[in-house]
Amino acid sequence: MVTTSEARVEAAFEELAVERPLLSKVKEFARKQPLGTFGAVIVLVMVFSALFADFIAPHDPINNSYEHILESYSSTYLLGTDQFGRDILSRIIYGARTALLVGFTAAIIGSVTGLVLGVASAFFGGRFDLLFQRVMDVFMAFPLIILALAVVSIFGTGIQNVIIAITIPFIPRCARVVRSSALAIREIPYIDAARANGFSNARIILRHMVPNVMAPFLIMITAFVGQAILLEASLSYLGLGVQEPVPAWGLMLQGGAEEYAESAPWVAIWPGVAVSLAVFGFNLFGDSVRDTLDPKLRSQ
Amino acid sequence: MWQYILKRLILMIPTLVGAAILIFFLLRLIPGDVCELKMAGAGLYADQEQIDICRAELGLDRSVMVQFWEFFSGFLVFDLGKSMWTGREITYEIGLRFQLSLQVAIMATLTATLIAIPLGTISAVKQNTWIDYFVRAFSIAGIAIPSFWLGIMIILGLLITTQAWFGTPWMPPIEYVSPLEDFWGNMSQLIWPAVATGYRYSAVATRMTRSALLEVLREDYIRTARAKGLMDKLIINRHALKNSMLPVVTVIGIEFAFLMGGLVVTEQVFNLNGLGKLFVESVTSQDFSMTQALVMVVVCVFIFTNFLVDIVYAWLDPRIRYA
Amino acid sequence: MKFPRLKFALPLAAGLALSFGMADSAHAVKSGGVLNFVVGSKIPSYDGHIEGTFGMIHPIRPFYSTLIRVNPDNPASPTDFVCDLCEGDLPKGEDGFKKYVFKIRQDVKFHDGTPLTADDIVATFKKIIFPPKGIASARKAFFKMVDSVEATGKYEVTFKLKFPSGSFIPSVAMPFNFVYAKKDLDSHGYTWHKTNINGSGAFSFVQHQPGSFVEGKKYAGYHHKGKPYLDGFKAISAPKMALRLQAIRGDRAAIEFRGFPPKARDDLVKALGDKITVQESDWNCILIATPNQKRKPFDDARVRRALSLALDRWGGSKYLSKIAIVKTVGGVVFPNHPLAATKEELVKIPGFGTDVAANRKEAMRLLKEAGHPNLKIDFNNRGVDQPYKVVGTWLIDQWKQIGVEAEQHVNPSPVFYDKLRKSHDFDVSIDFNCQSVVNPIADVTKYLGSAGNNYGQYEDAKLEEIYSRLLRAGTEAEQRTIMREYEQRAIGEMAHLIPTLWWYKINPHRSYVKGWKIAPSHYLNQHLDNIWLDK
């Protein structure tokens, strides 16, 4: 039973998503967004090393080798070894896995939860919205790193808790943005039309509101991945993140790296470069996605 | 307008209450307490009886609700109580560090502004040229480089270069002096973290300046001005920049609020005795009363800054008041 | 040209440090100057009687005197104690070593001008040993042997013991036993010293900027005449190890009293050459792995012994000493003490033998016999780099060699303690025994299932019985024999606790700091009255 108003709405969406050959889309993106393309290349390299770490890493990243403590660059150890004689290059390659796992999981869970809550808040409005906004205010007002510190202290360290710690502060940030976009849509007549036609709340939310807040949502996700990688590194640096012997960039920079920064600079430099490049790549890419999807949307 | 302000003020109350409840119970969920840490923390012999005495002294043996009421009612009358770790008044401990955090926040905000406005302007005017790309890449790099890593590199870099040039290694002082007492001593310590943090925080402001300026540049009166043959430079200085400043100022204001409580990592690296370092210390020593007070201070600063921003916006754009 | 210098600089610097003591008196001591040093931990309250961290000892200890102390000219000796507030030689035990009479100096004044008498000493020790209800005293248990402490004259204090004990004198010498004025305790109460300072130490309190530094200035009326040499000191708080290291390099601080990792020492020496002097010593701290005997299969001694046999202690000593603050292989007693096991005695303990391959083969056999060839353990560690996390990473690797897989949970200190002490939520946990004054008979109580700082959750009547004999042993030879028996039972046969390595204290400091000698503990020899600056 397709009504005319719904058909019209859906037609409008389809128009937005007209299929064009993927390659030409990529070409256009590359032409318009050279920085974004550079970012995308970094991200792809990172994804590649994470997926195929087992094949490209020259050594076992957690294999201690006490005869080769803090060795400089050599043909066996291209980027040298750390204080346990582990190959830095291999640890960086495997570290991409940890970074992406934490980055993507936290970003996706955080923004999807934020999306659902934000849309629901906008849709139901009234007291629910008011209450919900206050709860979000509380979480927003908590400095990000402080919230993360508390979560890790309560649940302990380990990769899944790091993900929780990083995810929680993302939720209100995403919910905020999504809510205001959704609020704007809520006032648009076609939602009223849908409601007048007796569609269920769930259907209206899922079919009409959610697709319309997709642009800010995607922008948030790409921004979050970079932030999550950086947060993971910061938490590990404070000793609250991923734990030894898991290869992770922030962890590699913690402790030893500082003490050896001078006599064994490779221990301190390369993981730092890896974190910086990764976050740089995600941010460049995310910025371009933002420009492409919504040139008017401002920060956050 | 007054009605709007009142409404916004009332809405602050539930946020504060919520934050108080959240932090209080969050802390109680963390296993372990300050007495255990004090008595057994150094690995010396620890007697359970002594730990119990210490707990009783700090009131940790009372029911959670009693403790919560004590904290909350104290907070209402600005009585923050005593630190469980040092036994000193919390207002005294926070006051000491507040000065430093405030100074670093101001200096970092200044640095961020000094970087962001010129760069953002250049980037907007030269949109989609290599200059624009370079500026954007430079500012994004600021977000990408972990602040702790940058901090270590700065200190190490200073030590190595000064030793190479002057023979004796030099590093910034590691203890705070008030700028009123010793201005250069103060600056030589704080300029480094301020620049490191300012660079980082300039990224968002640069972006805002760029996009706000681009938007204004497209507007009609600018086009008219251009059509009239006014010089580009003049247009940008006189018209465009002024009109695009509001969102930029907002972003800078909000970030300033974050800086007041959010320099956790930077303060560690540069050994700054600020609120961030105090926070890490009080969390890691399970100093409940201090952590609670600190979080409430940070939340208050944040809420109040938001409130000011909202009021300014409402004042400038009356539509918001009725939304 | 630079590189070879580094190689020789190290042993040379260490050698210099060792010969320091003799050369010292020959030099003309210079007075004046302010000593800046960095402290890696935060100050809790100022009350030495209730605190236990070096974060308090380093900045606050110089303000106080103690009744007796470790000999500042020979702090390396674990048995050499001298008078501080008392006079003459240390009292010999009378009445079958059950009575000790201390003669008190008559020329001592507190910083506020109050003269010090026997009453102040008695009030102090009563607060420590017999605190009133509701007043905490962290080290009360060290004085279980004390029956009474009384003033038997204006300048004479008498301790009476319930039973003779070799651990009495070392306990009195603990640096935490700050002597307070009786009038302060009487008029301000027992908690006043948490936030106020009035001592009789070499320095008087100037100011404390919480979180930043503590400042002290020379006390002109100090009872050790001619001392202190310094005009003052500043103890600067710097929680990050890297920053403390850089502070010494950039001369923002002259010394750090806790200890640096070996690599940090090498970097400093390389950068600054003879401007840096290095002092090194064994450290009265040992890192231990504690199995939880309430959890299966750790109630099985074979499994515990296997975990101990897996460790290549002698090899580990070689490379861990390059990257961590641990070094010496030892048993339950501080390695340099007369009661410690010699290497010949040590290698007889299972897991301490030098044939690693054989040890590991035996470990795998034991695991198989116990029915757990592929053991997985939940390993609780403390979120502090040196040496916990470094040794933790090593332990995991060692256990991997016998097919044991350890999942490490590194926790912030409060959570770590809660798991260790209260919830007992671990299979094996890092644990440590770190004491101030070397006092083996008291220190080894760590290995008793009944001790307050033992978290293995076991009862071993035989071990308790050996200890009660040790406690009452009269001669040193007798103590030594019983100690071996105790050691074999505790860490060998039953492997209740699994010792890893003893810590190793490395203090690189600016060469212009003179007079300070390294002690086997970061709690000791911190009164700073004999330090001078050669500038």
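The values are calculated or read from the model by the stated rules, or taken from the named source; none is laboratory data. If you're wondering where the values come from, they're calculated on a predicted model, not measured in any experiment. Counting neighbours? That spans all protein chains shown, and the Cβs are built from the backbone with ideal geometry, glycine included. Each accessible area value is taken on the protein alone, full model and side chains, heavy atoms only, with ligands, DNA and RNA left out. Shrake-Rupley method; radii C 1.70, N 1.55, O 1.52, S 1.80 Å.
Overview of results
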| quantity | calculated |
| --- | --- |
| Whichever residue in the stretch B:170-185 is more than 15 Å from C:Q209 (Cα to Cα) and touching a residue at least 40 places away in the same chain (Cβ under 8 Å) and, among such residues, is least open to solvent (accessible area, probe 1.4 Å) | B:P172 |
| Residue check, B:W69 open to solvent by 60 Å² or more (accessible area, probe 1.4 Å), within 24 Å of A:R134 (Cβ to Cβ) and either modelled with pLDDT under 85 or of a type in the set (G, A, S) (or both) | no |
| Qualifying residue in the stretch A:75-97 (condition: touching a Cys at 6+ places or on another chain (Cβ under 9 Å), modelled with pLDDT of 90 or more and either within 14 Å of chain C (Cβ to nearest Cβ) or open to solvent by less than 40 Å² (accessible area, probe 1.4 Å) (or both)) | no |
| Qualifying position, being open to solvent by 20 Å² or more (accessible area, probe 1.4 Å) and in contact with a strand residue (DSSP E or B) (Cβ under 8 Å, 6 or more places away or on another chain), among C:K446, C:K517 | C:K517 |
| Some residue of the stretch C:198-211 being assigned to a loop (DSSP other than H, G, I, E, B), closer than 30 Å to A:E259 by Cβ, touching a residue at least 40 places away in the same chain (Cβ under 8 Å) and assigned by TED's automatic domain parsing to the domain that holds C:E94 | yes |
| Residue within the stretch C:230-245 that is closer than 19 Å to C:L528 by Cα and not in a strand (DSSP E or B) present | yes |
| Meets criteria (within 14 Å of chain C (Cβ to nearest Cβ), part of a helix (DSSP H, G or I) and either among the basic types (K, R) or open to solvent by less than 30 Å² (accessible area, probe 1.4 Å) (or both)) for B:Q50 | yes |
| Condition check for A:R179: open to solvent by 30 Å² or more (accessible area, probe 1.4 Å), on the phi < 0 side of the Ramachandran plot and touching a Gly at 6+ places or on another chain (Cβ under 9 Å) | yes |
| Test: C:F416 is among the aromatic types (F, W, Y) and within 21 Å of the chain's Cα centre (by Cα) | yes |
| Of residues in the stretch A:111-134 being touching a residue at least 12 places away in the same chain (Cβ under 8 Å) and among the β-branched types (V, I, T), the one farthest from B:A20 (Cα to Cα) | A:V119 |
| Answer residue from the stretch C:391-401, given it is touching an Asp or Glu at 6+ places or on another chain (Cβ under 9 Å) and in contact (Cβ under 8 Å) with a residue 24 or more places away in the chain and is farthest from C:P412 (Cα to Cα) among those | C:Q401 |
| Residues that are loosely packed, with under 13 Cβ neighbours inside 10 Å and polar (S, T, N, Q), drawn from the stretch A:21-54 | A:S24 |
| Residue check, C:G226 over 28 Å from C:S137 (Cβ atoms), in contact with a strand residue (DSSP E or B) (Cβ under 8 Å, 6 or more places away or on another chain), small (G, A, S) and away from every other protein chain (no Cβ under 14 Å) | no |
| Positions within the stretch C:55-71 being farther than 20 Å from C:A141 by Cβ and either surrounded by 23 or more Cβ atoms within 10 Å (Cβ to Cβ) or acidic (D, E) (or both), in sequence order | C:H58, C:P59, C:I60, C:R61, C:P62, C:F63, C:Y64, C:S65, C:R69, C:V70 |
| Given (1) touching a residue at least 40 places away in the same chain (Cβ under 8 Å); (2) crowded, with 24+ Cβ neighbours inside 10 Å, number of the condition A:I205 does not satisfy | (2) |
| Complete set of residues in the stretch C:251-268 that are more than 21 Å from C:Q209 (Cα to Cα) and open to solvent by less than 10 Å² (accessible area, probe 1.4 Å) | C:G259, C:F260, C:P261, C:P262, C:A264, C:L268 |
| Residue ranges of helices (runs of 4 or more DSSP H) in the stretch C:309-398 with at least 2 members open to solvent by 50 Å² or more (accessible area, probe 1.4 Å) and either in contact with a strand residue (DSSP E or B) (Cβ under 9 Å, 6 or more places away or on another chain) or within 12 Å of chain A (Cβ to nearest Cβ) (or both) | C:313-323 |
| Residue within the stretch B:11-34 that is touching a residue at least 24 places away in the same chain (Cβ under 8 Å), open to solvent by less than 60 Å² (accessible area, probe 1.4 Å) and away from every other protein chain (no Cβ under 11 Å) present | yes |
| Qualifying residues in the stretch C:32-48 (those that are touching a helix residue (DSSP H, G or I) at 6+ places or on another chain (Cβ under 9 Å) and either in a strand (DSSP E or B) or modelled with pLDDT of 95 or more (or both)) - the one surrounded by the most Cβ atoms within 10 Å (Cβ to Cβ) | C:V38 |
| Some residue of the stretch C:269-289 being within 14 Å of chain B (Cβ to nearest Cβ), surrounded by 24 or more Cβ atoms within 10 Å (Cβ to Cβ), under 30 Å from C:S204 (Cα atoms) and aliphatic (A, V, I, L, M) | no |
| Only one of B:Q99, B:Q103 that is surrounded by fewer than 18 Cβ atoms within 10 Å (Cβ to Cβ), within 30 Å of B:E175 (Cβ to Cβ) and in contact (Cβ under 8 Å) with a residue 12 or more places away in the chain | B:Q99 |
| Top-ranked residue of the stretch C:150-169 - restricted to ones that are aliphatic (A, V, I, L, M) and within 26 Å of the chain's Cα centre (by Cα), ranked as nearest to C:R105 (Cα to Cα) | C:I169 |
| Options C:G189, C:G221, C:G199, C:G232; residue that is crowded, with 21+ Cβ neighbours inside 10 Å and not polar (S, T, N, Q) | C:G199 |
| Qualifying residue in the stretch C:409-426 (condition: open to solvent by 10 Å² or more (accessible area, probe 1.4 Å) and more than 14 Å from chain B (Cβ to nearest Cβ)) | no |
| Filtered residues of the stretch B:147-168 (kept if without any contact (Cβ under 8 Å) to a residue 12 or more places away in the chain and either buried (at least 22 other Cβ atoms within 10 Å of the Cβ) or assigned to a helix (DSSP H, G or I) (or both)) | B:W149, B:M153, B:L156, B:G157, B:I160, B:T161, B:T162, B:Q163, B:A164, B:W165, B:F166 |
| All helices (runs of 4 or more DSSP H) inside the stretch B:201-265 with 2 or more residues being within 29 Å of the chain's Cα centre (by Cα) and at pLDDT below 65 | B:241-262 |
| Residue in the stretch C:173-184 that is open to solvent by 10 Å² or more (accessible area, probe 1.4 Å) and under 30 Å from B:E281 (Cα atoms) present | no |
